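Below: the structure, in structure tokens.
A short reminder: the numbers here are calculations on the coordinates, not readings from a lab. All values derive from a computational prediction rather than experimental measurement. Here the Cβ positions follow ideal geometry from the backbone for every residue, glycine too, while neighbour counts run over all protein chains shown.
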Amino acid sequence: MDDCRMPYLDADILCVVASWMFVLMRMIRQPSPHTLHKEEEERKFHALQSMTEKWKERLAEPTAGLRTVEAVRPVLEDWMDRRHGSLTFRLVQVLSGQGCFGKYLCRIAGREPTTRCHHCSCDVDTAQHTLEECPAWARQRRVLIAAVGPDLSLSAVVKAMVESDRSWKVVKSFCGEGEREILRPPYPQPEIRA
Ligand SMILES: [Zn+2]
């Protein structure tokens, strides 16, 4: 694997594993009498606990993907234990910083020549820039702040999401409404001179 992709690995896996664990927790909480016996429930519960501990250990020393890891780690158990909130592709993009953001597209995906934002004069377009700063989403951001409060650091946003179904839905809506094309339009290419 290309080294430049490694910094995003923990964050990426974290999102996938956390959503998968959420499904498992639901199964355990609402076992079907036809599919889960008590011993089976206990076995799965302990396996889940063990996996949670391993993840907490791993996330204690993340190799990178720090933005996501630091935001989710303090609420990892509540995140997995919640009874609301689903992950969408666009929500995961904002949480992980991967996808349609200039910094990722330029430095990781190699699909754009610069890291700049297509919507304002910001030189480095990131997920956090979209959440906190980019004027293109000022209207949607007002709705977001009304739900989760003025602190739009990822840690504060994730905490609000985990604590409240309404906050989760508003953040998800922001990520959807603040929508960018996954495949951005072709970036203007510099003129090739003979
Ligand atoms: Zn911008």
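A few points about this structure:
- Rounded FRET efficiency, nearest 0.05, which uses the C-beta distance separating PHE89 from ALA156 and R0 of 22 Å: 0.45
- Note, ³J(HN,Hα) from phi for the stretch 73-90, Karplus 6.51, -1.76, 1.60, rounded to Hz, x at Gly and Pro: 3, x, 10, 4, 5, 5, 4, 6, 8, 5, 10, 9, x, 10, 9, 10, 4, 6
- Whole-Hz ³J(HN,Hα) from phi, Karplus 6.51 cos²θ - 1.76 cosθ + 1.60, for the stretch 126-131, glycine and proline x: 9, 4, 5, 4, 5, 5
- Label-point separation, ASP78 to HIS119 (7 Å along Cα→Cβ), nm: 2.8 nm
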